1. At a 10 angstrom cut-off on C-beta neighbours, averaged per residue, how do the peptides 108-121, 132-145 rank from highest to lowest?
2. Along the Cα-to-Cβ line of GLN275, 7 Å from the Cα, sits a label point; which residues in the stretch 208-250 have backbone N less than 15 Å from it?
3. Order the following by accessible area, largest value first: HIS69, HIS407, HIS104. Probe radius 1.4 Å; ligands, DNA and RNA are ignored.
4. Using label points projected 7 Å from each Cα along Cα→Cβ, tell me how many nm separate ILE152 and ASP459, to one decimal.
5. Return the distance in nm (one decimal) between the two label points of a simple spin-label model at ASP384 and GLU313, each offset 7 Å from Cα along Cα→Cβ.
6. I need the shape label for the stretch 324-469. Rule: rounded when a/c is under 1.5, else prolate if a/b > b/c, else oblate, with a, b, c from the alpha carbon gyration tensor.
7. What does the extension gain come out to for ASP341 and ALA452, with contour length at 0.36 nm per residue minus their alpha carbon separation?
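The values are calculated or read from the model by the stated rules, or taken from the named source; none is laboratory data. As the structure is a computational prediction, the values presented were derived from the model and not from experiment. For neighbour counting, all protein chains shown are included, and Cβ atoms are generated from backbone atoms with ideal geometry for every residue, glycine included. Surface accessibility is based on the protein's heavy atoms, side chains included, excluding ligands, DNA and RNA. Shrake-Rupley method; radii C 1.70, N 1.55, O 1.52, S 1.80 Å.
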Amino acid sequence: MYKKMTKKENEMKQSQETIAAISTAMGQAGIGIVRLSGESAFAIADKIYIGPKERTFAHNKDRSIHYGHIIEPKTGNRIDEVLISKMYAPHTYTGEDVVEINCHGGITVVKEVLFTVIEAGARLAEPGEFTKRAFINGRIDLLQAEAVMDIISAKTAGALRIAQSQLSGRLSKAVRAIKEELTEILSYIGVGIEYPEYDVPEADEANILDKIARTDARLQALYENAKRGQVLKEGIQTAIVGKPNAGKSMLLNALIDEERAIVTDIPGTTRDVVQESVNLKGFAMNIIDTAGIREAENLVEQIGISRTMKVIEEAQIILFVLDNTKDWEVEDDSILKLVKDKQTLFVVNKIDATPDKNVADFLTEYDVVKISALTGEGIDELIDKIAVIAGINDEVIGDKIAANLRHRTLLEKALASMASARASLEGGREVDLIEIDIRDCWRALSEMVGEAVDEDIVDAIFSNFCLGK
């Protein structure tokens, strides 16, 4: 009688299979790599590889690479000339026996090599399965596994440095250090729970509160660091706002060095938000050109202005563009009120034109940059000031950790548990209630590194990886 396997049984079966995939991008290239991992990797390679003087793969030593050919086992026909490497477990990326076949690049030849490998007994790997096996086999934790994907998808040098820092275990070490402090607190207050005949003096409760406060401060610092790292990794939301015809679209074009937005002398040309990304000193800056803010009767323009308001709320940095050839007007006052509580740079544009109405005189209390979006004058100074406001420098970049929504959610959960523990202790509640909150905090951090995480979450994380990783 057929018995359907449980999810766990199926995963155990899959983990025992040898997997294979193309680990390089498809297309014409100098080299293509097919990777195998699993207990049968060497046996499969032995079936399909022949070296000089009929040397077999079994003769090859650990951590060595050899010249030879991939052959079709049944016919002996040569498929491609290759270099093949042999790496014994556990000192490999996956923690398993690994074979890497370096063949000629090109869609057809690489696919033929992969097909031969699968025909010889391997299974096509699922997305991210090599890295998933590295996680399951204890080579890396979940934070480091996610960093692998961040490295692959990094669009700037700064984002790459942050991802490499996470892969090295920097965030993992920080999380585990806080977990150790939580364990110490739990063992300390556990005496009063396990041995109720001993009263916990007031001084001890003060000591517990002090320990919780210090750990909470470290957790808060980690959260702020992670939040900042996420911004630098995903891009700094920068909104260009101002009255119609102030030169906002021309500024966008100047910053990205491309004619992306339509530029005319007609006020109100931009009716919707236009977003582009630019590499700013090693980090992505997501620049959003918005509709000019004014009293508008046109329904389409009104919708555009409404969207501008939403962009202002969500932006990390505001570039308030003013026209150097115009007087300060009531509409400028209205925009100033909208951005007064945001990180704002006041950009006085059209300094190449006359007459000069000295609009900058109304901004003596603010940070002002004078530019010409048309000629490019002042753009470099503007970029430098944006970098200062965003906190982008080598020291800050080196200090930041990568983070994603999953990390931030779990850190927020951990912080909420610590806040509850402090409130309970300060409110004179039972110590065992405080222990529950601290354990909840400990579990949230454990989930971050993958020590106590739901299987479905793990599957979802690795499903976003590419096939050969």
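1. Numbers: 108-121: 18.6, 132-145: 20.4.
Taking the mean over residues of other Cβ atoms within 10 Å, the ranking is 132-145, 108-121.
2. Taking a point 7 Å out along Cα→Cβ of GLN275, the residues of the stretch 208-250 whose backbone N falls under 15 Å are 231-240.
3. Working: HIS69 30, HIS407 0, HIS104 85 Å².
So the residues, ranked largest to smallest area, are HIS104, HIS69, HIS407.
4. 1.9
5. Placing both labels 7 Å along Cα→Cβ, they lie 3.7 nm apart.
6. Details: a/c = 3.78, a/b = 2.05, b/c = 1.85.
It is prolate, given that a/c is not under 1.5 and a/b is the larger ratio.
7. Working: separation 111, 0.36 × 111 = 39.96 nm, distance 4.07 nm.
Between ASP341 and ALA452, full extension yields 35.9 nm more.
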